[in-house]
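Every number here is computed from the coordinates shown, using simple stated rules; none is lab data. Bear in mind the structure is a predicted one, so any value in this text is a computation, not a measurement. In this analysis, Cβ positions are derived from the backbone assuming ideal geometry, glycine residues included, and neighbour counts consider all displayed protein chains.
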Amino acid sequence: MGIQIISKKASELTLKEISIMNDSRVEIWGAGAKVDFKKDDAKGEFIFVRNKGKIMAFGMMKPVKIILDKKKYEILGIGRGMAIEKRKGWGKILNDARILRLKESGKTGVAFTGRHNLAFFEKAGYKIRKNQIRKFLYKNPEGKLIEDNDGDLVYYEGKDKFVTKLLKSKNKCITDSDFW
Ligand SMILES: CC(C)(COP(=O)(O)OP(=O)(O)OC[C@H]1O[C@@H](n2cnc3c(N)ncnc32)[C@H](O)[C@@H]1OP(=O)(O)O)[C@@H](O)C(=O)NCCC(=O)NCCS
């Protein structure tokens, strides 16, 4: 058994997979980084890159509804990406699988990240726009608009040309999902 790409719904995640993902997050970002994937990413698709049965990288994509200039869009929010061992090519393989999914679906994929990851995402095949997380507002369940002005935009544009339209518009877009 060599390299495998496994895709599963949040509801199908095993306890072992959840603990591997959370342990890796806690190792980098501390105890507050634990996520309840089945709740927070309930509609997400999780992708695991395995080598000889061992998880080497993982990530998630979930449908996010967006309104821009009174028009509705549904994009895929790309998040939770992590390579267990860094700089061994596992992150690239994970994102090859994601981009294949985006090409198949024709949907736009959007991620937010920090400056230190931009070179990686460019090499992985995405486009980037520095600081453009500020074009996104999250409408929380109480109807309050939440902004986050600290982050770069990473994207793979689909048939809807959503990001091109967003960057051209003088308005911000409104998402139904907290910054993923
Ligand atoms: C970001 C991350 C997923 C990259 O995965 P990775 O497996 O280390 O990256 P790869 O080995 O597949 O690298 C692919 C290419 O990007 C380059 N690259 C990777 N990380 C880089 C970095 N931080 N800066 C510059 N280049 C980088 C590699 O050198 C490689 O280039 P090459 O094709 O010319 O050899 C990994 O560093 C990680 O898990 N980081 C912590 C979690 C995180 O920040 N996730 C992103 C959240 S938005």
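Quick check on the range 4-19. Is at least one of its residues within 11 Å of the ligand (Cβ to nearest atom) and surrounded by 13 or more Cβ atoms within 10 Å (Cβ to Cβ)?
Taking the range 4-19 first, the residues within 11 Å of the ligand (Cβ to nearest atom) are none.
Within the range 4-19, not a single residue is within 11 Å of the ligand (Cβ to nearest atom) and surrounded by 13 or more Cβ atoms within 10 Å (Cβ to Cβ).
Mind checking which residues of the range 147-159 are surrounded by 13 or more Cβ atoms within 10 Å (Cβ to Cβ) and part of a loop (DSSP other than H, G, I, E, B)?
Within the range 147-159, 148, 151, 157, 158 qualify.
Restricting the search to the range 107-123, which residues are of a type in the set (Ser, Thr, Tyr) and near the ligand (Cβ under 8 Å from one of its atoms)?
Of the range 107-123, the ones of a type in the set (Ser, Thr, Tyr) are 108, 113.
Listed by number, the list holds a single entry, 113.
Rundown of residues vs (1) farther than 25 Å from residue 158 by Cα; (2) of a type outside the set (Asp, Glu); (3) part of a helix (DSSP H, G or I), yes/no style:
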site: 39; (1), (2), (3): yes, yes, yes
site: 42; (1), (2), (3): no, yes, no
site: 50; (1), (2), (3): yes, yes, no
site: 61; (1), (2), (3): no, yes, no
site: 64; (1), (2), (3): no, yes, no
site: 67; (1), (2), (3): no, yes, no
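Please verify whether the range 160-179 includes one or more residues that are in a loop (DSSP other than H, G, I, E, B), more than 16 Å from the ligand (Cβ to nearest atom) and under 17 Å from the mean Cα position of the chain (by Cα).
Kept after step one, since they are in a loop (DSSP other than H, G, I, E, B), are these residues of the range 160-179: 160-161, 169-172, 176-179.
Add one more test, that the residue is more than 16 Å from the ligand (Cβ to nearest atom), and what stays is 160-161, 169-172, 176.
This time we only want the ones that are under 17 Å from the mean Cα position of the chain (by Cα), so: 176.
Within the range 160-179, one or more residues are in a loop (DSSP other than H, G, I, E, B), more than 16 Å from the ligand (Cβ to nearest atom) and under 17 Å from the mean Cα position of the chain (by Cα).
Please work out which residue is farthest from the ligand (Cβ to nearest atom), limiting yourself to the range 78-97 and to residues that are among the charged types (D, E, K, R) and assigned to a helix (DSSP H, G or I). Working first, answer last.
The first filter runs over the range 78-97 and keeps only residues among the charged types (D, E, K, R), leaving 80, 85-88, 92, 96.
Retained after the next criterion (residues that are assigned to a helix (DSSP H, G or I)): 92, 96.
Working: 92: 3, 96: 9 Å.
Of everything passing the filter in the range 78-97, 96 is farthest from the ligand (Cβ to nearest atom).
Residue by residue through the range 98-127, note down the ones that are assigned to a helix (DSSP H, G or I) and either touching a residue at least 12 places away in the same chain (Cβ under 8 Å) or surrounded by 15 or more Cβ atoms within 10 Å (Cβ to Cβ) (or both).
So the first thing to find is which residues in the range 98-127 are assigned to a helix (DSSP H, G or I), and the list is 98-105, 115-123.
Passing the criteria: 98, 99, 101, 102, 105, 115, 117, 118, 120, 121, 123.
Mind checking which residues of the range 92-110 are within 13 Å of residue 124 (Cβ to Cβ) and out of contact with any Gly (no Cβ under 7 Å at 6 or more places or on another chain)?
First pass over the range 92-110, keeping only residues within 13 Å of residue 124 (Cβ to Cβ): 92-100, 102, 109.
Within the range 92-110, 92, 93, 96, 97, 100, 109 qualify.
Taking the residues in the range 27-57 that are over 13 Å from residue 83 (Cα atoms) and within 12 Å of the ligand (Cβ to nearest atom) as candidates, determine which candidate is surrounded by the most Cβ atoms within 10 Å (Cβ to Cβ).
Once the filter is applied, the top-ranked residue is 33.
Starting from residues that are among the β-branched types (Val, Ile, Thr) and away from the ligand (no atom under 16 Å from the Cβ), keep the ones in the range 63-74 and report whichever is surrounded by the most Cβ atoms within 10 Å (Cβ to Cβ). Steps first, answer last, please.
Pass one, the range 63-74, residues among the β-branched types (Val, Ile, Thr): 64, 66-67.
Among the residues that remain, those that are also away from the ligand (no atom under 16 Å from the Cβ) are: 66-67.
Details: 66: 22, 67: 15.
The selected residue is 66.
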